[in-house]
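In what follows, a single structure is set out as structure tokens and then discussed.
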Amino acid sequence: MTRLLNDKWFPWAVGVLAAAYLIQIVTPLRLDHDSVLYFRIAMSFADHTPRPDIGLPNGFPLLIVFLERLGFAVKTALVLLGVLSIFAGLLGAWAAMDKVDVRVRRIAIVMTLLCFSVIRAAVVPEPDAIYFGLSLLAVGAMQRATDPAARQRYVLLVIAVALTTLAGTLRSAGVAMIPALLCSVWMTVTLEAGRDLRRRIQFAMALMLGVALLAGVSFGVVNGSLGSYAGSALQGYSAGTGLSHVWKRFGGTVNRFGELSLNVPALKYPIIRPLERYPGPAVAILLLIYARTLRRIDPLVVYVACYMGMLIVWPFDAIRLWIPILPFLIAVVAKALLDLDRFRVVAVMSRLWLAWMIVIGLGAIAYTTRISFSGKNFPLRYGLRGGLASPGEEARNPLHDLSALRIIARYDADQAELRRALPVDR
């Protein structure tokens, strides 16, 4: 199963995929509903106008403003940052899984890079890719800090605090990192804790550090996001009983396992939805079996568990929300397949799955590259109208098209035909 991921081929595979990701920096600005909202907030900050009442964190809009004021080409800089963040996040995931079989880690890295949701995150101007990088680097630092053989454990904790705080300003999902950090603080300090006063002071300071992080991330989340997010969640639970919604969300979670296993976006190709029900339960069972075999609870386990719990409770489906834990989910599946590889049926199925993931992933990269180099044909190849609302859907969000045209005119001058469509009254 892993012959193509050995010492000789693994660096080449990662290098080729890195090049495929990097060439996407030429893409025109790819807008969708959420990216338009982020840019609207950014423009309000840049132009010193009232912030729109939009329930999204301020970190990513502030990054857009920062890049604009530095004079960078925002659309190019955001894609470059996204690509670099994805590879930085994979380094963090590699460090977090330091005790895992290297074959499993290699499969997790390559399959993550071939996942359609990760490929999309790299080129769409939203905080998902940057959050992926910051959060997984933070988890890697947390995990390494708990290793008795690690040096400068407290330095690693400080790095984890900084990265977690930054990640919390980008996405409200950053709250899932707080329990993992507190777990890392506890495990790191208790490695050295004794009965003397100095050790107790260190322990108290470490706990205070965790509390300070909690306050810092909470501030970043509350500032423009937490209240609206909570309201959206409660609205999603308003009809019917809470238990029925949780059960429905559990079923949706299993289906997302299936969608990720097939590596085909169900939103774009709804024909695959009936197929999700087959691999999804198998992945869920593998995760449960893996959970039962755990010998200790560490920051990585806490983070994945908290993030999974958040996804189950959150009432809305979005496959991109799974990206931050995707390498770890793939690692669990890869470990199970390698453990069962002695059975011929499993060996054949695992090789077929690996081949499927590679073919579909390369197809997704080819598809996004075609869009990136589409030039004047971009509005035809990216969606129906280059990021604008679908024909007949404009009434559902009357501000979307107007806002999108203004964003394109400001941040992507190459789309001249859309600039000319901008209303005179700006």
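The values are calculated or read from the model by the stated rules, or taken from the named source; none is laboratory data. Keep in mind the model is a prediction, meaning the values are calculated, not measured. Cβ atoms come from the backbone with ideal geometry, glycine included; neighbour counts cover every protein chain shown.
Assess whether Val332 counts as being touching a Leu at 6+ places or on another chain (Cβ under 8 Å) and free of Cβ contacts under 8 Å to residues at least 40 places away in the same chain.
Judged against the criteria, Val332 is not a match.
Given the criterion without any contact (Cβ under 8 Å) to a residue 12 or more places away in the chain, closer than 27 Å to Ile159 by Cα and part of a helix (DSSP H, G or I), identify the matching residue among Ala77, Ala95, Ala88.
Ala77
Give me the residue from the range 274-319 that is of a type outside the set (A, V, I, L, M, F, W, C) and surrounded by 18 or more Cβ atoms within 10 Å (Cβ to Cβ) and, out of that set, farthest from Ala96 (Cα to Cα).
The extreme case among them is Glu276.
State whether one or more residues within the range 29-40 are in contact with a helix residue (DSSP H, G or I) (Cβ under 9 Å, 6 or more places away or on another chain), outside any helix (DSSP H, G or I) and among the β-branched types (Val, Ile, Thr).
For the range 29-40, residues in contact with a helix residue (DSSP H, G or I) (Cβ under 9 Å, 6 or more places away or on another chain), outside any helix (DSSP H, G or I) and among the β-branched types (Val, Ile, Thr): absent.
Could you tell me whether any residue of the range 45-60 is under 13 Å from Tyr411 (Cα atoms) and not in a helix (DSSP H, G or I)?
Applying the first criterion (under 13 Å from Tyr411 (Cα atoms)) to the range 45-60 yields 46.
Those left that are additionally not in a helix (DSSP H, G or I): none.
Among the residues of the range 45-60, not one is under 13 Å from Tyr411 (Cα atoms) and not in a helix (DSSP H, G or I), which makes the answer no.
Among (1) touching a Lys or Arg at 6+ places or on another chain (Cβ under 9 Å); (2) at pLDDT 80 or above; (3) not aromatic (Phe, Trp, Tyr), where does Ala389 come up short?
(2)
Examine the range 149-158 for a residue that is of a type in the set (Lys, Arg), touching a helix residue (DSSP H, G or I) at 6+ places or on another chain (Cβ under 7 Å), part of a helix (DSSP H, G or I) and within 17 Å of Ala93 (Cα to Cα), and state whether such a residue exists.
Scanning the range 149-158 turns up no residue that is of a type in the set (Lys, Arg), touching a helix residue (DSSP H, G or I) at 6+ places or on another chain (Cβ under 7 Å), part of a helix (DSSP H, G or I) and within 17 Å of Ala93 (Cα to Cα).
Could you list, in sequence order, the residues of the range 84-108 that are over 16 Å from Val304 (Cβ atoms) and at pLDDT below 95?
Of everything in the range 84-108, those that are over 16 Å from Val304 (Cβ atoms) and at pLDDT below 95 turn out to be Asp101, Val102, Arg103, Arg106, Ile107.
Please count how many residues of the range 321-343 are surrounded by fewer than 17 Cβ atoms within 10 Å (Cβ to Cβ) and either modelled with pLDDT of 85 or more or not in a helix (DSSP H, G or I) (or both).
Total meeting the criteria: 4.
Regarding Pro61, is this residue within 20 Å of the chain's Cα centre (by Cα), within 21 Å of Pro324 (Cα to Cα) and at pLDDT below 90? Steps first, answer last, please.
Values: within 20 Å of the chain's Cα centre (by Cα): yes; within 21 Å of Pro324 (Cα to Cα): yes; at pLDDT below 90: no.
Answer is no for this residue.
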